[in-house]
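One structure is given below, encoded as structure tokens.
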Amino acid sequence: MSAATVDAVEQPDILARNIRVGSRIWAASQAFFFLAFFFAFLYLRALNTSGMWRGWPHHHPSPSIAFGVAILVCVLGSAAIARSAALVAPEMWRATEWAALALALAAVGLQCAQFSSLGFGPTDAAYASVFVGWSGLFTVFLLGMCYWLATVIGDVTRASGTPVVRAAAVEGAGFVLLVLAGVEIAAFILLYVVK
Amino acid sequence: MSATPIAAQPPVWRRLIGFNMLTGLALGIGGWFLGAWIGGQMAVGHPYLQGTDQNDVGIYMGYLFAVIGWLVGLGFANYPIGRLLGRAPSLRHHETGSWTRYFRLCTDHKVVGIQYLFGVGIFFFIGGLNAMLMRTELLRPVEQAWPASQYLTLVSLHGTMMIMMTSAFILGPFGNYFVPIMIGARRMAFPRIEALTFWLVPAAGLILLSAIAFGGIATGWTGYAPLADEGRAGMDAYVMSFILIAISLTLVGLNLMATILTMRAPGMSWTRLPIFVWSVLATSILMALAAPVLVASMTMVLMDRAANTSFFVASVGGSQYLYENLFWFFGHPEVYILALPGFGIVLEILPVFARKPLWGYRLAVAGMLGVTLLSFMVWQHHLFVSGMNAGLRPFYMLTTELISIPTGFIFLNAIGTLWRARIRFTVPMLFALAFFFNFLIGGLSGIFLSDVPSDVTTHGSYFVMAHFHYTIVGGLVFAFFGAVYYWLPKMLGFELNETLGKIHFWLFFVFFNLTFFPLFAAGFLDMPRRVSTYAPHLQTLNIFVSASAYVIGLSMLIFIANLIWSLVFVRQPAAENPWVSRGLEWQVPTPVPIENFDRIPVITSGPYEYGVPNAPPVADFAPGALPAAGR
Amino acid sequence: MTTIAGEPVPRHGVRIFAIWLVLTAIAVPLIVLVLGPHLPPPHMTVESVDQRNANIVMTALLVPIALLVLVYFIYSFVFFRETTDAIVDGPPIKGHAGAQLLWIVLTSTIVLALAVWGSYTLIAGAHGAGGGQGPDPAAKPTGYQHALPVQVIGQQWEWTFRYPTYGGIETRDLAIPEHTLVAFHVTSLDVTHSFWAYELGVKADAVPGVDNIAYVNPRHTGLFQIRCAELCGLWHGHMSKKGRILASSAFQAWISAAQKKNASIVKYLPKYSRVYYPAPLRRAG
Ligand code: HEM
Ligand SMILES: [Cu+2]
Ligand SMILES: [Cu+2]
């Protein structure tokens, strides 16, 4: 029995609903994951144990806001495009998904560039810890989304699978990216503005 | 990719090559060395990594690459790479073939269920062995059998192993195997993810065990920072294995939830859903939301240890309270991840052997969902004397006590179902009934812990230890064995010996209570948890407890003997529906065909209509009039 | 459940209720009078007496609940069992709105009563004052401003004690005066410990960077046990010693002797502070 023959008899609308529901749950799991960092930020900041939240008195880590804005813009753009793909005609999907992927990859690249010229490190007290942890793990999740977008592009390009399932994949990826964009907004506000 | 054509049997050695467990092990071991080397290179030039006497980066990279190697060797990389190269999406993989499919990536939910049963079972027995070793140490009030550090490692390994493995004790084997059948589906929503969730479990178990070789674990299963920050390399094994298990649990939750939401057969309305499936749904909500928080908090420990961040180091702006909050925000839902499936199992078994409909079905559902919701709001009851938020203590006392209302519903369901019933005391029924006895004691003892004045004495004492063993062992493990005796005839196709089953039950039940009830007293008498030495006047009590614990161990050996006897020697084929149950899973042939159903059935009635005059059969298996679904 | 018994004969509900009533009538007085005095913690302080009372009340309340369920189950095993080998269905009762409502009302009442009573005793009485409450306690006994401060310092693997009102000396054994409100300020130098004085009804986590306060009002002199109740590494089980409650005069004598003995060392100690931040220890095993 080959995989294809079995899949051929699966009902496409159930497959599509699976993707839709699965993407919602995955988005919720991701949100709870970052909730931990959200909480860590606010909690450690409020406690300010031994007055060391921001670091040593003469050395307050502060990441470059230019990088922050650039990453934010890329992630928001990627999410906006991926999300609105569900609203446009399927012929446009190739373009939209490519654009979303490019922007997401740009965000990953920018984050790596920022890390290499950060000016402080994980050892620089609590704020620095949260900064490094949050942005680092966000990048990991974003890379995961890049993989998903790449597979969607492949399917859309080759018109593999059924149209409903492709539509669900486009929609689901857009949804998860949207939630990630929400996380990124929170990260930007807390890590770059509030500090 | 299937390197093994089934038609012409190649020689055995040839069949061992390919994507399977052996390859996974080989690549995993290779990956460990590669990763450790890379990690060593990474640390060069980073002073904050060299400030410590061991390079945790190397250890984590070793584990990471070992896991990657393991998964690649099992064949998990083939599909993602294929997808990137343009392969069409497909769901299923390697579902036919001989017994070897149990040792490789297989997406048949029934195979995964059995893999889970034996995989998790093995680690469960390793955890149980640890308990026996601990009880041996506690025979005398002074250090005798093991040095203090080894005893501590035993406690931590036992606790961590048990929590990790029993989190999917019911959802893994029985959720994967029976949920699709019970809702009239052919597969899970994401079969490949399903296989992944299982194969992460042995990786996590082996990594946890590797802690023995790396200086052990000194923190218990809770891994409190900053003790975790200063622990030796065994702590890295703890962190890594917990991350893997938490990822697995998240995905188990995602997969089961999606399956139940989208793949119910026509006619399977929410009010006809078997109560076990409801409990799985509730549990998977908790898993999908709580386990990611564990991944996050473990990642913070990882960074504290490997990169010298200071999430939990007070002198550099961190706080140990952060860890406690995050850990218990996961940890309390976790205890309901352990408890809820047990509720589902016993309420599933009760009607069958009481020969009555499940009494108060809606109440049971409300109870499970209520527990799910409330369990996110109680976590600070673990921190009553920690010194954080004294003003919030009444709130957490209230929410904790509130949770006993929905839990009480489950008891009312049992009471109502037994009312004027025709009870048959089969082995599964005995386990289900014992569940209520044990959980009653476990639950009521929890009320002491939820009351702050009382918790001042009981917190961190053996009282807590007795309490959670009553709920986890007395609840979950008893429900698990109930499910084993109830469903194994369907899963493996053979009957289990009933006499041996009853001996197992009675020994386990009696000596479980003899082991753990006295420990409430030990806690009341000032014996703290996690110690290998204790006050001399408690020795008699501890000897009694240890002796009883050994008998529990014996009862488990009897269970294994029963398995071997029934499955290897007697091999008495089980009837298709030996319990005359109305459950949909009992209406399919034994062994269950790969496709489960010829046609997707149309559900025509609820599963518990015992004694209802003219109740229709549960489902129409050849829905001729309707368009053949899924064919 | 009595209320399910809409059935005429036999009156299972009434019988179950009667058995339960008899058992409860026997059990509850036994708990209060016989078991009660043996429930923990021992009554060395006002706080521990109140905690024991809480334990007695709860046991007396929970045992009847357990009895109800147990009596019902055992009764049903005897009277509702299938006596033949045949598989015969029972009556198809799917629920009973009244019984469900009654159960919900009853359990909610008990639970809410427990929570209200628990919160009341926690805030108004001395019950909860022995549990660590952090730097600003919610349950403050009267006269807490004048409590004798004793700092309890946990470190791997030893307890030490500082008396800020007696020159900030640090001692290895703990003594407190009788009939005096004492405020334990519990903190830690390394990992989390938990200061557990069983007979005093005190348990407070020792957390680095946190001043965790617990109040206690000793009723009579005697020895009490000190332990660590939070796993803190290798010798966690060995962080135990005996503390003493002394009569006021004896305490004065003890503390002045201790002050004399420690006078030369005090200047080497860090200045008394509510928390200390030693450099983080790493890899202490
Ligand atoms: C024969 C059955 C068992 C025996 C005799 C046993 C015995 C023990 C003992 C002696 C401890 C150490 C207590 C301490 O010093 O704090 C312990 C801890 C623990 N046990 Fe068990 N146990 C058994 C089964 C189980 C099972 C089935 C589970 C879970 C499914 C479990 C979960 C735990 C946990 C979570 C801890 C806490 C470890 C820690 O303190 O970090 N146990 N058990
Ligand atoms: Cu909890
Ligand atoms: Cu300690």
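I need to check one value: relative contact order of chain C, counting alpha carbon pairs closer than 8 Å and at least 6 residues apart, in percent.
Worked out over chain C, it gives 17 percent.
Hey, what's the per residue convex hull volume over the C-alpha atoms of segment B:221-350, in cubic angstrom?
Each residue corresponds to 106 Å³ of Cα convex hull volume.
Place the peptides B:201-207, B:346-352, A:14-20 in order of packing, highest mean first, counting for every residue the other Cβ atoms within 10 Å and averaging per peptide.
Going from most to least packed, we get B:346-352, B:201-207, A:14-20.
Please list B:165-178, A:144-157, B:358-371 highest first by mean number of surrounding beta-carbon atoms within 10 Å per residue.
Packing proxy ranking, top to bottom: B:165-178, B:358-371, A:144-157.
Can you tell which of B:GLY175, B:PHE327, B:ALA291 lies farthest toward the positive end of the dipole of chain B, using +1 and -1 charges on the Cβ of basic and acidic side chains (Lys, Arg; Asp, Glu)?
Farthest towards the positive end: B:GLY175.
Considering amide H positions built from the backbone, and no H for Pro or chain starts, which residues 5 or more places from B:GLY317, or on another chain, come under 5 Å of its amide H?
Counting only residues 5 or more places away or on other chains, the set is A:MET52.
So what are the ³J(HN,Hα) numbers for segment B:530-543, from phi and the Karplus equation (6.51, -1.76, 1.60; θ = phi - 60°), rounded to whole Hz, Gly and Pro as x?
Listing the rounded values in order: 6, 10, 9, 10, 8, 5, x, 5, 8, 5, 4, 4, 5, 5 Hz.
How big is D, in µm² s⁻¹, for segment A:2-138 by Stokes-Einstein at 4 °C and 1.567 mPa s if Rh is the Kirkwood radius over C-alpha pairs?
Taking Rh from Cα pairs, D becomes 71 µm²/s.
What does the average come to when, for each residue of peptide C:115-125, you count the partner chain Cβ atoms lying within 10 Å of its Cβ?
5
Among the lysines, which have Cα under 28 Å from the Cα of C:LYS267 when same-chain residues fewer than 8 positions away are ignored?
Filter leaves C:LYS241, C:LYS242.
Taking the Cα centre of each part, how many Å lie between segment C:10-34 and segment C:132-157?
Value for the Cα centre distance between the two parts: 44 Å.
Residues of B:178-187, mean number of Cβ from any other protein chain within 10 Å of their own Cβ, rounded to a whole number?
What the average comes to for B:178-187 is 1.
Round to the nearest 10 and report in Å² the accessible area of A:ILE25, as given by a 1.4 Å probe over the protein chains' heavy atoms.
Spelled out: A:ILE25, probe radius 1.4 Å, area about 10 Å².
Show me you know the interface measure: the accessible area buried between B and A, both chains summed, probe 1.4 Å, in Å² to the nearest 100.
4100
Whenever you get a sec, compute what percent of the accessible area on the protein assembly as shown sits on carbon and sulfur atoms (1.4 Å probe).
Carbon-and-sulfur percentage of accessible area, whole number: 70.
Which whole-number percentage describes the relative contact order of segment B:110-219, with Cα contacts under 8 Å and a sequence gap of 6 or more?
42
Roughly how big is the protein assembly as shown's charge dipole about its Cα centre, with Cβ charges of +1 (Lys, Arg) and -1 (Asp, Glu), in debye to the nearest 20?
Charge dipole, the protein assembly as shown, about its Cα centre: 320 debye, nearest 20.
For segment C:109-194, report the translational diffusion coefficient in µm²/s to the nearest whole number, using Stokes-Einstein at 10 °C, 1.306 mPa s, and a Kirkwood Rh over Cα pairs.
108
Could you give the DSSP H helices of chain C that reach 30 angstrom or more along their long axis (alpha carbon positions) and whose average Kyte-Doolittle hydropathy is no lower than 0.0?
Sorted by number, the helices that extend far enough and score high enough are C:46-79, C:97-124.
For the ranges C:40-52, A:111-123, what's the packing order if you count other beta-carbon atoms within 10 Å of each residue, average per peptide, and put the highest first?
C:40-52, A:111-123
Calculate for chain B the 222 nm mean residue ellipticity that helices alone would give, adding -39,500 (n - 2.57) per DSSP H run of length 4 or more and normalising by residue count, nearest 500 deg cm²/dmol.
Roughly -20000 deg cm²/dmol at 222 nm, from the helical runs in chain B.
Mind grabbing the accessible area of B:HIS537 for me, 1.4 Å probe, Å², rounded to tens?
Solvent-accessible area, nearest 10 Å²: 130 Å².
Can you find, among B:LEU374, B:GLY475, B:LEU563, the residue sitting farthest towards the positive end of the charge dipole of chain B, where Lys and Arg contribute +1 and Asp and Glu -1 at Cβ?
So the residue furthest toward the plus end is B:LEU563.
Based on alpha-carbon centroids, what's the gap between segment C:237-267 and segment B:380-428 in Å, whole number please?
Measuring centre to centre over Cα atoms gives 46 Å.
Ignore the peptide's own chain and count Cβ atoms of other chains within 10 Å of each Cβ in C:188-199; give me the average, rounded.
Mean partner-chain Cβ count within 10 Å for C:188-199: 5.
When N counts the residues of the protein assembly as shown, how does its alpha-carbon radius of gyration compare numerically with 2.2 N^0.38 Å, as a ratio?
Dividing the Cα Rg of the protein assembly as shown by 2.2 N^0.38 Å gives 0.96.
Any idea what log10 I(q)/I(0) is at q = 0.12 Å⁻¹ for chain B, Debye with uniform C-alpha scatterers and no solvent?
Per q value, in the given order, log10 I(q)/I(0) is -1.36.
Which FRET efficiency value, to the nearest 0.05, do you get for C:HIS238 and B:THR499 by plugging their Cβ-Cβ distance into 1/(1 + (r/R0)^6) with R0 = 45 Å?
Between C:HIS238 and B:THR499 the formula returns 0.40.
How would you classify segment C:144-282 from its alpha-carbon gyration tensor, with a ≥ b ≥ c the square roots of the eigenvalues: rounded for a/c under 1.5, else prolate if a/b is greater than b/c, otherwise oblate?
Because a/c hits 1.5 or more and a/b fails to exceed b/c, segment C:144-282 counts as oblate.
How far is the Cα center of segment B:196-263 from the Cα center of segment C:172-202, in Å?
36
Could you do me a favour and compute the accessible area per residue for segment C:144-282, 1.4 Å probe, result in Å²?
In whole numbers, segment C:144-282 has 38 Å² accessible per residue.
For n ≥ 4 DSSP H runs only, could you compute -39500 (n - 2.57) per run for chain C, divide by its residues and tell me the 222 nm figure to the nearest 500?
Computed ellipticity for chain C at 222 nm equals -12500 deg cm²/dmol.
For segment B:314-320, in order, what is each residue's ³J(HN,Hα) by Karplus, 6.51 cos²θ - 1.76 cosθ + 1.60 with θ = phi - 60°, in whole Hz (x at glycine and Pro)?
Residue by residue, segment B:314-320 yields 4, 6, 10, x, x, 8, 5 Hz.
State, in angstrom, two size descriptors of chain C derived from its alpha carbons: Rg to one decimal place and Dmax to the nearest whole number.
26.5, 89
Quote the charge dipole size of segment C:1-159 about the Cα centre in Debye, to the nearest 20; the model charges only the Cβ of Lys and Arg (+1) and of Asp and Glu (-1).
With only Lys, Arg, Asp and Glu charged at Cβ, the dipole is about 320 debye.
Given N residues in segment B:24-85, what is its alpha carbon radius of gyration divided by 2.2 N^0.38 Å?
1.35
Local charge sum around C:GLN225 (other residues, Cβ-Cβ under 14 Å, Lys/Arg +1, Asp/Glu -1)?
Here the charged neighbours net out to +2.
So which of B:LYS356/B:LYS490; C:LYS140/C:LYS261; C:LYS140/C:LYS203; B:LYS502/C:LYS94 end up more than 26 Å apart, counting from Cα to Cα?
Flagged as over cut-off: C:LYS140/C:LYS261; B:LYS502/C:LYS94.
What length, rounded to one decimal in nm, is gained on full extension from A:ALA46 through to A:LEU143, with 0.36 nm per residue of separation minus their alpha-carbon distance?
Result for the pair: 31.7 nm of gain on full extension.
Nearest 0.05, what FRET efficiency do B:ALA145 and A:ALA89 give at R0 = 60 Å with Cβ-Cβ as r?
Here the calculated transfer efficiency is 0.25.
Please find the FRET efficiency linking C:LYS267 to B:ILE543, where r is the Cβ-Cβ separation and R0 is fixed at 56 Å, and quote it to the nearest 0.05.
Once the sixth-power term is evaluated, E becomes 0.65.
The values are calculated or read from the model by the stated rules, or taken from the named source; none is laboratory data. What you see is a predicted model, and the numbers here were worked out from it, not measured in a lab. Every residue, glycine as well, gets a Cβ built from its backbone with ideal geometry; the counts of neighbours run over all protein chains shown. Side chains included, ligands, DNA and RNA excluded: accessible areas come from the protein's heavy atoms. Shrake-Rupley method; radii C 1.70, N 1.55, O 1.52, S 1.80 Å.
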